[in-house]
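Reviewing the structure listed below.
The values are calculated or read from the model by the stated rules, or taken from the named source; none is laboratory data. Everything quoted here is computed from the prediction, not taken from an experiment. Cβ atoms come from the backbone with ideal geometry, glycine included; neighbour counts cover every protein chain shown. Remember, those area values only see protein heavy atoms, side chains included, never the ligands or the DNA or RNA. Shrake-Rupley method; radii C 1.70, N 1.55, O 1.52, S 1.80 Å.
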2 protein chains.
Amino acid sequence: MRNELLSLAPEFRRNPVTGSWVVVAPERSQRPMALTHAEPHPRANGDSQPCQFCPGQEADTPNEVLAYREQGSPIDGPGWRLRVVPNKFPAVRPLKKPGTTSNDLFAHASAFGRHEVLIACADHHTNPAALSDEQFCDMFRAYRERLVAHDADESLVYAAVFQNVGAEAGASVGHTHSQIIATPIVPDGIRHELESAESRFAATHRCVFCDIVTHEQSDEVRIVAESANFLAVTAYAPRFAYEMWVLPRSHASGYESASPSQLEELALLMKRLVHGLDKTLDSPAYNWFLHTAPLRSPELPHFHWHFEIMPRTSRPAGFEWGFDCHIVAVSPEQAARELRKQMH
Amino acid sequence: MRNELLSLAPEFRRNPVTGSWVVVAPERSQRPMALTHAEPHPRANGDSQPCQFCPGQEADTPNEVLAYREQGSPIDGPGWRLRVVPNKFPAVRPLKKPGTTSNDLFAHASAFGRHEVLIACADHHTNPAALSDEQFCDMFRAYRERLVAHDADESLVYAAVFQNVGAEAGASVGHTHSQIIATPIVPDGIRHELESAESRFAATHRCVFCDIVTHEQSDEVRIVAESANFLAVTAYAPRFAYEMWVLPRSHASGYESASPSQLEELALLMKRLVHGLDKTLDSPAYNWFLHTAPLRSPELPHFHWHFEIMPRTSRPAGFEWGFDCHIVAVSPEQAARELRKQMH
């Protein structure tokens, strides 16, 4: 009954991890959209050719740092099924050593780091859901391999793994690919999650993500899909409607600790989720990202790695960008009901 | 010389107020945009009629809470030049009293508050820069009037004032309007700024915004425009390229304390800035928002009200949404040079 009420009454909700408040306001879905392009674009887009990520174009990218390829096929030549290369237009560069300036008001540092592109398939698929099960498994296995590689570089502190699908979600290239940005700083979003989770742990002696798993399993209303070791739920206090979190049921702070069979299970669950998202929202643009512990962390009792899948269901405006308060027009419980119907 | 280097080498920069790191990476501007709609839309958009904000349509909006109108013209009838009405599709509603539930993991509360629309002109202008000087002055005077009104309601704690211009910036209606969302919580973005500014004040005994004014006046490289009492600069560590901050030179934490003549001066400076932004970036979508102290605050020594103008110069992607780390492809110094040329 509470869910039915939610479809009527707007509600503030607090993100259990970060403490951020959002507004769930179903009435907002009724407002007229007078302006052209006021709704986010669906994913389907024009995509100019030739594609620099397709086989035969290997010379267009920097030399590969990882590839899954046919036995005997040449490095930086065709014959691969997954390929990781440095980003040709990087946000951070491996050339300089880190070092912050001493002006504490206007602090800056060389944008040292590694910015990599993980090309997830040889065929020019622009829809991740079109990838085979094996290609999905390759992707999640390769994430782990790159994290392990960056763990070995002591000048790096964090590696951010994410995927942009569709122009509305910030993709500039259609060919399915993920990105990894490894930096000498912990990005604010992760630092904030770590700090919040740690202070909660200090008070409760429990991991907030373990608490979420326990409560979501028992509440059931936000469960989208499950597997033996993973739980997929709509976020309790999302930034975009239909946002999902995918959590290991058992506590682990670093993605590197996942076993090959767990990663396969995760990959197949993620594939089901994005397929169900496509069917529910008619192929929206979306991102997914991995939140994991900093590189070389010991096992942290308060943090729990997980994926977030964030579809672009609205255009954030002044309240979001100016005040960090997000408004969603579909309740997470309603979103979970719709998503569940499309899962198989 | 340092500015010339910046146009080549990517750099991490820390927001002096919040401590958030961003990346300034001019090389990113060279990446190919293969996907259609990979660039944000400019502001020019189709705009369906009839417009619910135009004179004669007053019955389409809830009853006005403030209007500047011709002597003797009827309340909720034509004859106004500025009108503030409750939002017909509100994110928060005045019906319920606040109250947070006791489940500390999944906290929620009734989305109590006031969501108002400030219709800034009677003519159907979709470009704020097309408003007259008087209309601009009316707008900034009305912001103050509504803040003072919300100050009187002790169930409200914060009033967020912002403007969305163009669909890409989250506007759904073209007719120039601002919004005010008053809530019983301090939105996270403001809470974070207040806390950061307060801890800096504890260490330095100085307001960080006053420090910024002093340093920007002396550095000069990020100044876009000035007036007797205000300084407009590009943000040192922006979330979007060409982001601007407009700061009173003298310390004051609450917008309510500004005098009528200061508000006129501010309005005319803001008009010059958005006009210059239009010319520099060919009429981008943008937001502006007011950061001011919570309602009924005493004068705070550590906080300093200001406006931020945030044009949509890129499409935030996984690194931004997943890790709260923004990448801009134009340095703030370069942006200031370009903007200065278009100011008059």
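For (1) open to solvent by less than 40 Å² (accessible area, probe 1.4 Å); (2) not basic (Lys, Arg), each residue gets a yes or a no:
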| site | (1), (2) |
| --- | --- |
| B:Gly72 | no, yes |
| B:Trp80 | yes, yes |
| B:Lys88 | no, no |
| B:Glu134 | no, yes |
| B:Glu154 | no, yes |
| B:Ala160 | yes, yes |
| B:Val165 | yes, yes |
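Total residues in the stretch A:176-201 satisfying the condition of being open to solvent by less than 20 Å² (accessible area, probe 1.4 Å) and in a helix (DSSP H, G or I): the figure is 5. The single condition among (1) in contact with a Phe, Trp or Tyr (Cβ under 9 Å, 6 or more places away or on another chain); (2) over 30 Å from A:Asp104 (Cβ atoms) that B:Asp76 does not meet is (1).
On the stretch given as the stretch B:23-46, residues that are more than 7 Å from chain A (Cβ to nearest Cβ) and crowded, with 18+ Cβ neighbours inside 10 Å total 4.
Residues in the stretch A:171-187: is at least one within 13 Å of chain B (Cβ to nearest Cβ) and free of Cβ contacts under 8 Å to residues at least 12 places away in the same chain? Yes: one or more hits. Does A:Arg249 meet the test of being touching a helix residue (DSSP H, G or I) at 6+ places or on another chain (Cβ under 6 Å) and open to solvent by 20 Å² or more (accessible area, probe 1.4 Å)? Yes: the conditions hold for A:Arg249. Scan the stretch A:275-304 for residues that are among the β-branched types (Val, Ile, Thr) and over 21 Å from A:Val213 (Cβ atoms) and the total you get is 1. Quick check on the stretch B:203-226: of everything there that is small (Gly, Ala, Ser) and open to solvent by 70 Å² or more (accessible area, probe 1.4 Å), which residue is nearest to A:Arg191 (Cα to Cα)? For the stretch B:203-226, the residue satisfying everything is B:Ala203.
Here is a yes/no grid of residues against (1) touching an Asp or Glu at 6+ places or on another chain (Cβ under 8 Å); (2) open to solvent by less than 20 Å² (accessible area, probe 1.4 Å):
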| position | (1), (2) |
| --- | --- |
| B:Val274 | no, yes |
| B:Asp278 | no, yes |
| B:Pro284 | yes, yes |
| B:Phe303 | yes, yes |
| B:Glu308 | yes, yes |
| B:Gly322 | yes, yes |
| B:Arg337 | no, no |
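Looking at the stretch A:227-238, which of its residues are open to solvent by 10 Å² or more (accessible area, probe 1.4 Å) and aromatic (Phe, Trp, Tyr)? The one that is open to solvent by 10 Å² or more (accessible area, probe 1.4 Å) and aromatic (Phe, Trp, Tyr): A:Tyr236. Inside the stretch A:32-67, residues that are of a type in the set (D, E, K, R) and on the phi > 0 side of the Ramachandran plot make up a count of 0. Of all residue pairs spaced 6 or more apart or on separate chains, those with beta-carbon atoms under 7 Å, a first member in the stretch A:15-41 that is within 12 Å of A:Ala329 (Cβ to Cβ) and of a type in the set (Asp, Glu) and a second member that is assigned to a loop (DSSP other than H, G, I, E, B) and open to solvent by 20 Å² or more (accessible area, probe 1.4 Å) are A:Glu27/B:Phe89; A:Glu39/A:Met33.
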